[in-house]
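Read through the structure below, which is laid out as structure tokens, and then see the notes.
The values are calculated or read from the model by the stated rules, or taken from the named source; none is laboratory data. Note that this is a predicted model, so its numbers are computed, not measured. Cβ placement follows ideal geometry from the backbone for every residue including glycine, while neighbour counts extend to all protein chains displayed. Keep in mind that these areas ignore ligands, DNA and RNA; they rest on the heavy atoms of the full protein, side chains included. Shrake-Rupley method; radii C 1.70, N 1.55, O 1.52, S 1.80 Å.
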Amino acid sequence: MVEEKIVCIGCPLGCETTLKMDDQGEVVKITGTKCKEGRKYVLEEHRSPVRVFTATVLTQNSVRPLLPVRTNRPLLKTQLKEAAKVLSKVKVQPPLRMGQIILPNLMNIGVDVVATDDLVL
Amino acid sequence: MKFSEVDVAVIGSGPAGMAAAIKAREEGAEHVLILERQEQLGGLLHQCVHSGFGLLYFGQDLTGPEYAHRFIEKVRDLGIEILLETMVTQLSGDRKLTAINRYEGMIHLHPKSVVLAMGCRERSRGQLSIPGTRPAGIFTAGTAQRLVNVEGFIPGKKVVILGSGDIGMIMARRLTLEGVEVKAVIEILPYVGGLIRNEVQCLHDFDIPLLLEHTVTQIHGEQRVEAVTIAKVDKHKRPIDGTEQVVECDTLLLSVGLIPENELSRMAGITLDPLIGGPLVDERRETSVPGVFAGGNVVHVHDIVDDVSWEAEIAGSWAAKFSQKGDLERKEKITLKPGRNIRSIVPQTISGQSDVTFYIRVKEMEEKVQLKVGDLYQRSFRVAKPSEMIKVDLPVKELKKLDGRESELNVECEKGE
Ligand SMILES: Cc1cc2nc3c(=O)[nH]c(=O)nc-3n(C[C@H](O)[C@H](O)[C@H](O)COP(=O)(O)OP(=O)(O)OC[C@H]3O[C@@H](n4cnc5c(N)ncnc54)[C@H](O)[C@@H]3O)c2cc1C
Ligand code: SF4
């Protein structure tokens, strides 16, 4: 049987939980949770551990060296490092508005990178 | 605007200052003026490029700049006056204020009311007294955050972070994603200083070691940091002999706490809470000086920005009333007494005549507890932790039950079953 350990972040208690999966990958047992919301959270975190991805990108012809950005949808946590690498090579120019796409279809996964601030000058 | 006509002057334009100014304007104050020493509105939010802002206030997970943006637009729409690159240098007990900038030089104001929203500052090495040399490569976590997120500098290649506050953990993730090796986060307490969400998503996600009950005992290096010695500590937080190890690194980040920015408050003769460092306030967030209100991190350090905005709205609203009426009616005061396992309570006094939002911090982590405010309020918690502030709303109809009989209210955290 395969096991996965997940810390629940449902409340400040931060229970250390363990999920057991059968050969088909189905969760058969959850231990360590102390409540129903916790079980829901760890199941979700097991199925799809996603994170909001934020970063900064370099600018050109701007008084500001950097522009803060985010993806318009969360990424799997295993994709974060790769995403950061891709964005370290991106350069943008003013003018840009908050919410404007600065890089479409990041890593060909159908997620866009958008500005989280205006870049006026 | 003529400076002689200012109704409400707000010092600082972080989330607190902007929320206070907006509220004051909405409650009918005509001339609201924000004074900000930086070149833009928004305070710390600009360097907080990560998300986690506004989940409670807007029901949306925003980044710092996005959260700021919403308030900045409102400030502009409402015709609030703004003086940027303007540093307030003096405040007196009768609300006379001196500011300075390179356009107007010295500015003297006598606003009808004032809101303090100067935020907080980070504790630095001087306040920690770690022995060793004084090489380059030691930064507070917030300074590093500004360098990396706003100015575009990476502080080093191999980093050790002392303290597991939220800023330190957020920087651990940010630096890792920028290709920096974060060797470890060192925490002297037996538990993490920041939010559990940050422990999981900033440290566990990237396999960054977290060493609890450890501290940095020595910094090595002449020109630049070359290594630090870390050691395990006993329950009195003293390093244990024989547990020392040397960790090679070129940078040490300090994430060891924040203290309210209180220079102006001191100058004005405002009474400060000796433990928290911010002004003592009542439920209107009025300080000991009539007509001077305060909100946000200048009063006490909040964990989340949504609470900063809410608290500052209270200050802004009463500052508007004060500016219209010339004074506020003051009823006899009830003092909040921190009882069992309570570290701090804001506000420290209440009148019993208006709604109250309390922010409470416990001293020690404890499971299964009951929080009590006199006989008026009671709530059970699975766990209470110093790192997660507890917010309690008490409507005035509950407080009326006190009937003017009490001059003290005990707040305590009792052990449950
Ligand atoms: C590094 C860091 C990370 C954080 N991460 C999160 C998070 O993930 N989620 C979350 O919800 N919260 C987070 N917070 C908390 C939140 O950002 C802060 O609590 C919030 O910014 C505090 O708001 P404030 O308005 O009280 O202070 P600030 O934002 O600090 O604003 C104070 C302003 O006052 C100005 N000022 C000070 N003195 C003067 C003077 N004499 N004259 C003129 N202007 C002056 C300063 O320039 C500044 O602009 C974080 C905080 C920090 C420090
Ligand atoms: S399982 Fe329940 S009690 Fe435990 S951390 Fe999650 S939400 Fe909290």
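Some points to look at:
- For the protein assembly as shown, the convex hull spanned by the alpha carbon atoms encloses 172 Å³ per residue.
- Between region B:150-186 and region B:319-347, the Cα center-to-center distance that results, in Å: 39
- Of the accessible area of chain B, computed with a 1.4 Å probe over protein heavy atoms only, carbon and sulfur atoms account for 49 percent.
- For region A:12-57, accessible area lost to neighbouring protein chains reaches 30 Å² or more, against the chain alone with a 1.4 Å probe, at A:PRO12, A:LEU13, A:ARG51, A:VAL52, A:THR54, A:THR56.
- √(5λ) per eigenvalue of the Cα gyration tensor, region A:2-47, largest first, Å: 19, 9, 8
- Debye log10 I(q)/I(0) at q = 0.20 Å⁻¹ for region A:19-121, Cα point scatterers: -0.94
- Entries of B:LYS112/B:LYS397; B:LYS237/B:LYS385; B:LYS96/B:LYS325; B:LYS325/B:LYS401; A:LYS34/A:LYS81 with Cα pairs more than 24 Å apart: B:LYS112/B:LYS397; B:LYS325/B:LYS401; A:LYS34/A:LYS81
- Remark: accessible area buried at the A-B interface is about 2500 Å², both chains counted, probe radius 1.4 Å.
- Take A:LYS34: with every protein chain present and a 1.4 Å probe, its accessible area is about 130 Å².
- Once the Cα gyration tensor of chain B is diagonalised, semi-axes √(5λ) in Å: 37, 28, 18
- Across every pair of non-identical alpha carbons in region B:124-254, the mean reciprocal distance, once inverted, gives a Kirkwood radius of 14.6 Å.
- Cα lying deepest toward the dipole's positive end in the protein assembly as shown, options B:TYR67, B:LEU35, A:LEU80, charges on Cβ: A:LEU80
- Structure-based [θ]222 nm, the protein assembly as shown - -39500 (n - 2.57) summed over DSSP H runs of at least 4, per residue, nearest 500: -5000 deg cm²/dmol
- 1.4 Å probe, heavy atoms, protein only - residues of region B:189-210 losing at least 30 Å² accessible area vs chain alone: B:ILE196, B:VAL200, B:GLN201, B:ASP205, B:PHE206
- Residue with peak Gaussian network fluctuation, chain B [Cα springs, cutoff 10 Å], from B:LYS232, B:LYS112, B:LYS401: B:LYS401
- Estimated FRET transfer efficiency (A:VAL63, B:HIS220; beta-carbon r; R0 30 Å; 0.05): 0.15
- Highest-fluctuation residue, B:ALA227, B:ALA21, B:ALA312 considered, GNM on chain B with Cα pairs under 10 Å: B:ALA227
- Counting only protein chain heavy atoms and rolling a 1.4 Å probe, the accessible areas of B:ARG174, B:ARG224, B:ARG238 rank, largest first, as B:ARG238, B:ARG224, B:ARG174.
- Whole-percent carbon and sulfur share, accessible surface of chain A, 1.4 Å: 52
- For chain B, the longest principal axis of the alpha carbon atoms and the long axis of helix B:15-26 meet at an angle near 10°.
- Summary of the geometry: region B:51-69 and region A:6-43, compared by the centres of their Cα atoms, lie 28 Å apart.
- For region B:335-415, accessible area per residue (1.4 Å probe, heavy atoms of protein chains only), Å²: 48
- Legend: calculated FRET efficiency, B:VAL150 to A:THR31, from the Cβ-Cβ distance at R0 = 51 Å, rounded to 0.05, equals 0.70.
- Degrees separating the helix B:166-177 axis from the principal Cα axis of chain B, which is the longest one: 50
- Rounded accessible area of B:VAL256 (nearest 10 Å², 1.4 Å probe): 30
- Most fluctuating residue given options B:ARG70, B:ARG146, B:ARG102, as computed from a GNM of chain B linking Cα atoms under 10 Å: B:ARG102
- Complex-versus-alone comparison for region B:60-97, residues with a loss of 40 Å² or more in accessible area, probe 1.4 Å: B:PRO65, B:GLU66, B:HIS69
- Axis of helix B:64-77 versus longest Cα principal axis of chain B: the two differ by about 20°, to the nearest ten degrees.
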